[in-house]
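Comments concern the structure below.
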Amino acid sequence: MVSRFAPSPTGRLHLGHVYSACLAWNRVQASGGEFLLRFEDIDHTRVREEYYAGIETDLRWLGMRWQDEPWRQLDRLAIYEEALQQLRDLGLLYPCFCTRKDLAASAPQEGDEVSKYSGQCRSLTQEVRETKLASGVTCSWRLDMTKAAREVGSLSFVDERFGKVHVEPEVLGDPVLVRKDIATSYHLAVVIDDAAQGVSEVVRGEDLLSSTHIHRVLQELLGFPEVGYLHHRLITDEAGKRLAKRHDALALATLRERGWSRERVLAAVGL
Ligand code: GLU
């Protein structure tokens with residue numbers, strides 16, 4: 001068993017992260033496996049050096065230990081590029097010139113920017129694509145999921161809570177694999193790194209369950225092994241809203257300063 005906690009160093013850890021990290025840690029302890037810490041720092045404009053250090057301090061305070069120096073995804077852009085080339089060679093990527101505004105306009109609900117992509121740029125002609133690319137306008141690159149699904153056939157994954165889940169490749173439309181601002185994306189980097197680090201079980205919030213459908217397709221396209229999953233319930237505030245970086249009052253560092261013990265923190269997330 002190799003499990004990991006993979007936070008983004010764009011803020012301080014809150015109780016939701018604590019829950020995720022502790023579940024992964026406990027499962028590794030129970031099986032005598034290995035626990036890894038990995039920094040998913042591709043949101044490079046929001047990353048701060050103090051957040052990396054703060055996360056390590058928090059996890060150590062919780063009693064966690066790891067052997068290797070945590071990987072940083074920003075150090076691995078060349079590796080992601082190799083995988084992208086494989087997908088390009090299979091003819092599975094296309095440039096997307098949609099702006100945030102275009103995406104918002106086609107989203108089913110207001111503010112629902114990350115919902116299913118309409119596929120608008122998939123149907124651009126080669127000529128239009130080339131003209132736009134030559135003009136130097138910025139673009140992201142998306143995976144043509146219809147083609148990819150044909151390539152990989154029927155897939156499933158196994159989740160501790162949800163059981164065997166049949167993969168619906170198009171659940172989020174054509175996902176972005178290369179963002180406009182950086183030569184990778186969450187979906188691409190997470191799949192490559194989990195495989196490269198030999199992760200056998202991914203523990204994360206159930207908000208990422210739909211992303212796993214994409215990840216399973218990417219694993220298959222890139223020749224990576226299948227991994228097990230545990231998509232856990234989300235920790236919410238008193239109003240029932242899931243915790244986010246804005247909940248700084250529930251940051252672990254804040255609770256610690258207020259004198260909370262480790263036991264009290266764990267009890268607060270139901271562990
Ligand atoms: N970096 C992601 C986050 O902080 C974690 C995603 C994952 O565990 O796959 O939400």
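The values are calculated or read from the model by the stated rules, or taken from the named source; none is laboratory data. Bear in mind the structure is a predicted one, so any value in this text is a computation, not a measurement. Positions of Cβ are backbone-derived with ideal geometry, glycine not excepted, and every protein chain shown enters the neighbour counts.
Below is a table of values for the structure above.
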| read-out | value |
| --- | --- |
| Restricting region 34-50 to residues that are more than 10 Å from the ligand (Cβ to nearest atom) and either β-branched (V, I, T) or modelled with pLDDT under 95 (or both), the residue that is nearest to the chain's Cα centre (by Cα) | V47 |
| From A83, A53, residue being part of a helix (DSSP H, G or I), of a type outside the set (V, I, T), away from the ligand (no atom under 16 Å from the Cβ) and surrounded by 20 or more Cβ atoms within 10 Å (Cβ to Cβ) | A83 |
| Subset tally (residues that are more than 14 Å from the ligand (Cβ to nearest atom), not in a helix (DSSP H, G or I) and not small (G, A, S)) for region 191-243 | 8 |
| Selected residue (criterion: farthest from the ligand (Cβ to nearest atom)) from residues of region 1-31 that are within 15 Å of the chain's Cα centre (by Cα) and among the hydroxyl-bearing types (S, T, Y) | S3 |
| Evaluation of E160 against (1) under 27 Å from G32 (Cβ atoms); (2) of a type in the set (D, E); (3) without any contact (Cβ under 8 Å) to a residue 60 or more places away in the chain (one fails), failing number | (3) |
| The lone exception for E110 - which of (1) in contact with a helix residue (DSSP H, G or I) (Cβ under 9 Å, 6 or more places away or on another chain); (2) farther than 20 Å from R179 by Cβ; (3) surrounded by fewer than 21 Cβ atoms within 10 Å (Cβ to Cβ); (4) at pLDDT 95 or above it fails | (4) |
| Residue count for region 135-175, restricted to those that are over 18 Å from P225 (Cβ atoms), modelled with pLDDT of 95 or more and touching a Ser or Thr at 6+ places or on another chain (Cβ under 6 Å) | 1 |
| Residue in region 219-227 that is aliphatic (A, V, I, L, M), touching a Lys or Arg at 6+ places or on another chain (Cβ under 7 Å) and closer than 30 Å to L155 by Cβ present | no |
| Matching residues in region 145-169 - criterion: being within 14 Å of R122 (Cα to Cα) and touching a helix residue (DSSP H, G or I) at 6+ places or on another chain (Cβ under 6 Å) | M145, A148 |
| Total residues in region 251-271, condition among the β-branched types (V, I, T) and not in a loop (DSSP other than H, G, I, E, B) | 2 |
| Test: residue in region 161-168 that is in contact with a His (Cβ under 7 Å, 6 or more places away or on another chain), among the basic types (K, R) and within 16 Å of the ligand (Cβ to nearest atom) | yes |
| So A183, is it small (G, A, S), at pLDDT 95 or above and outside any helix (DSSP H, G or I) | yes |
| R27 crowded, with 20+ Cβ neighbours inside 10 Å and either outside any helix (DSSP H, G or I) or not small (G, A, S) (or both) | no |
